[in-house]
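Data block below; observations after.
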Amino acid sequence: MRAASRPASAREGRSLARTRARRRETARPRWLDVGASPARGRASRASADAGASDTLDAGGTAVKKTSLLVIGATGTLGRQVVRRALDEGYDVRCLVRPRLNPADFLRDWGATTVSADLTKPEMLPPAFVGVHTVIDCSTARPEEDSYAIDWEAKVATIQTAAAMGIARYVFFSIDQCDKHREVPLMNMKYAVEEYLKVSGMDFTVLRLCGFMQPLIAGYAVPVLEEQPLWGTDDDTRTAYLDTQDVAKMTLAAVRRDEAANKVLTLAGPKSYSVREVIALCEKLGGAEAKVQKVPVGLLKFTRAFTRFFQWSSAASDRLAFAEILASGIKFDADMTETYKILGMSEDEVTTLEQYLEEYFSKILKKLKEVGGESRQRDFYL
Amino acid sequence: MPLARCDVRASVVVASTRATARTTRSRVDKAATARRTRPSTTTTTTTTRPTRARASAREDEDGGDDDTSTREDAALTKEMVDAMRARKQRRGRGKTPTPTSLEDVNPVNLGRKSRAAFDNVFKQFTRLTSVQKTTRTADGEGLDEVYGAELLSGSVVGEFETPNAKFTTVMVTGATGRIGRVLIRKLLLRGYTVKALVRKEEDVEKLPTAVRVVVGDVGDKDAIKKAMVGVTKVIYCASANSSITSDLFNVETQGVKNVVSCMQDYYHMLAARREGRSPKSKVMLTAFKHPTAYEAWQVDEMDVGNESDSRWAAAAEMQRVNFDPLYPEDEDKPFEFATFNGFVVARTGKAEASADVEDLQAEVDYATKEGLLFRLKGDGKRYSVVLTQDDGSKFRFSFNTTGGWQVIRMPFHKFVNEGETTYGEDGDDILDLRRISRIGLRFDARKNQRDVSMSDVMSGSNNRFDLTLEYVKAIPKGEEPDVILVSCFGAGLEDGDEKDRILKAKRDGERVLRNSGVGYTIVRPGELVEEAGGAKALIFDQTERINTPISCADVADVCVRAMHDEQARNRSFDVGYEYESEQAEYELITSVKSRAGANYLTPALEVLEKNT
């Protein structure tokens, strides 16, 4: 059974990481040996900081500090990171899925694209040549195999990055992933974090709480359209962040030495429950939402039910989050220390109220311009 | 079928904002699957007209809804509610019973529909429990086209977009250079149309796909002319890649000249089409090669000292002031210049020649002008240009001559009142540009006493003067800079011959630009470093005191902001990082602490001097 091969617990994931790291140590030729063990890697970097910049041990040409590789650049967060990085003057290379016309918009902005399939590790190394920092924003799309992308591909990427002498690896994880390993995705994220720590590279792990952008499609638009909303009756609270702010923080983390080898949680100024978000949308949109409550119990039951069949195990994994919904989890963190590390301040960050206010004022203006009528949507029923 | 037409229009409109178009396209492959299951029912567009057309086709009575509501941003919240209410009503009325047809009971269709319905429900269901919620899931695709990808994806916060960007085409020279590369990306991100002039064919590959590239050198006027079509702003960050004198001259000086003159030519051409004057070129007031110039320009009678004193009267008799064409030695050739020469009594003597503005070659509204421009050759002495208002009050701008040919730029705001200064009373000190009646040149012996040696005084040579004039032009006024030149003040260069040569070429280029009449901004960055921009505070100054480096990205950012900044027009400034020392041992000139968000350039430049 497939599920058995997954890292069932983080410890397993970590040990897996260790064995791979050990294997790498022995198998790799010495000239590629940038960070065989964490201790050695750090020491060599200390001297690198002193002057002779980041070169391979064999003595290649120095890598420009402003060269950046963004993995998953077409995603919600990835594209904001690319925009921000380009604006700050980085040379941005993007790893994108092999397509006939891969991600035109990235190249229109002035980034370069490299086609590579993350699930095919042999395609990776060329993309890492001449790169100083890697920002990994990739994650499996809902229809994709999460295990292949969020674990196997990550391991391959990190191994490649370490072997290619990448100076900093930025990885996006999920808040509280160490506490909720029963959710497969969080378990994988945690395992990757641990794997990264022993990789020998300088790393920064950014744990995310939640983005504001999905709230638009999830709540704001349905409220405007008076579509039924699906909500749960849980008390989960999330401190949402605008992806642009996340991108800002990410590049601050890349820039600052203080952020090296740290696990930082990025949280918004305030945490909201789903109910509060809907209330906010109702207030700003001047409409009432029809909320269809789904009891958490039903979700849990569905999960338990889908677990029985192999064909629905993917669905079951996806529903695993129901378990922690029931526990009333809070995705929030104290940001004082993080802001200090990143050299930022809280007033640079957009609050959810500001964000939604701006959104509603724009969208309502636009709707009025097109004459109010939007479209029919209930064509299924 | 009307539907097809809708779609075409939608794609045209979406394509106008490039980023949006791409975003939508990148989603198409996913959306396509979804669309297959619901053929042709998706009548979703971003455009105004198709939607209206459809709305009116289905329901006619809700026509004049747009007119009832006002278009004011201030009362937006109220409008929101109105809009919502209007839409609610419409939806209530808009539901027409769909006639049942054979298609509806087609089992294949039914199956498809039920499958889609189940899919939808299950999607909603799983979305509830997904850890990362992306916009792609569930209703993402359908909504995209209605609200526009950028609105939906939530990237509405216009941190990057500049409202002017849509109507602005920027030409960048030196696009592959250190600053140019970043600059181009910044412009593209903000939605500008970017044209780039690159030296080599293979450089085209290095530039983003959205850039319109013209291959050619800044020394190649034909290439520039070709590239200039449609250009509204130029950012000149090309610099020579060697320090050979000819290279330096070609790029730093002649290149600037070529670009500026091509820009002016292009705007002349545009202006000629509508029989107007180009706002980017100077207006010739007098060219002294025309005989008519000497009808306008006359030597003025000057009162010398105390007339009742017979000694002074005798001295005044001695004065000789000429304003004549300067005939070349070869008598067959026509004259090209005027000469203003003679001698005056020592110490207090004055000589003046002036012209009535109505007699000049062009009648000009001086309120739309920035200043005057003279080309002349002096004898090393100090002269003044005097503007006389119709009430007789005079305003003076003094300048030194070098003995060689000079172009002197005289911004109106630098003219000072000659009469008694009346501080506190309103307006008397300020030159009223609409009331200028005469433009004159003056030699004042008193002004020249300080600089001369004793022997000059004894020999009487300090009351002799000789000035050769070629032309007088008026410099147009404008809102924003047209050309932004990235120059340098020598930071980061080793002292020596090479530095001197480079600086000379740069200075010459700056001078060409300053005297051209286009609105300019000259940015002189400190030593350039390759690092992330936007992180450190900047310091702006005009006296070459800055010794801190600056990142290429920050220079590019300053250029981008300067394009639409009124304060940036006709200013030159140095820019570098703010000093990071703890003790404030330096005088803070203009620094900008917070780089976050808002415009930092305007307040920084406000305090700096104009027309520099």
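Data overview
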| read-out | value |
| --- | --- |
| Isotropically averaged projected area of region A:63-208, using the convex hull of Cα atoms (one quarter of hull area), nm² | 8.2 |
| Sequence-separation-based contact order of region A:185-244, relative, with Cα cut under 8 Å and 6+ spacing, percent | 39 |
| Protection proxy ranking of B:410-418, B:187-195 - average other beta-carbon atoms within 10 Å, highest first | B:187-195, B:410-418 |
| Burial ranking of peptide ranges B:263-275, A:64-76 (average Cβ count within 10 Å, highest at the top) | A:64-76, B:263-275 |
| Long-range HN-HN contacts of A:Thr113 with modeled amide H, under 5 Å | A:Cys94 |
| Hull volume in cubic angstrom per residue (convex hull over the Cα atoms of region B:493-555) | 108 |
| Order by protection proxy (mean Cβ within 10 Å, highest first), peptides A:260-268, A:165-173 | A:165-173, A:260-268 |
| Region B:188-304 - convex hull of the alpha-carbon atoms, volume per residue in Å³ | 223 |
| Label-point gap, in nm, between B:Lys499 and A:Glu337 - each point 7 angstrom along Cα→Cβ | 4.8 |
| In order through region B:250-265: 3J(HN,Hα) via Karplus (6.51 cos²θ - 1.76 cosθ + 1.60), integer Hz, x for Gly, Pro | 4, 8, 7, 10, 5, x, 4, 4, 4, 4, 5, 5, 5, 5, 5, 4 |
| Average beta carbon contacts from partner chains per residue of A:210-222, 10 Å cutoff | 6 |
| Calculated diffusion of region B:234-280, Stokes-Einstein form, Kirkwood radius summed over Cα pairs, 10 °C and 1.306 mPa s, µm²/s | 132 |
| Listed residue pairs exceeding 20 Å between alpha carbons, taken from B:Lys186/B:Lys280; A:Lys270/A:Lys330; B:Lys221/B:Lys369; A:Lys248/B:Lys166 | B:Lys186/B:Lys280; B:Lys221/B:Lys369; A:Lys248/B:Lys166 |
| Net charge, B:Ala223 excluded, C-beta distance under 15 Å - Lys, Arg +1, Asp, Glu -1 | +2 |
| Peptide B:273-285 - average C-beta neighbours from other chains (10 Å radius) | 0 |
| Long-range HN-HN contacts of A:Ser173 with modeled amide H, under 5 Å | A:Leu206, A:Arg207, A:Leu208 |
| Long-range HN-HN contacts of B:Leu467 with modeled amide H, under 5 Å | B:Phe340, B:Asn341 |
| Shielding of A:87-98 by partner chains, average beta-carbon count, 10 Å | 5 |
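Only the coordinates and a few stated rules stand behind these numbers; no lab work does. Note that the structure is predicted; figures quoted are calculated from it, not measured. Neighbour counts run over all protein chains shown; Cβ positions are idealised from the backbone, glycine included.
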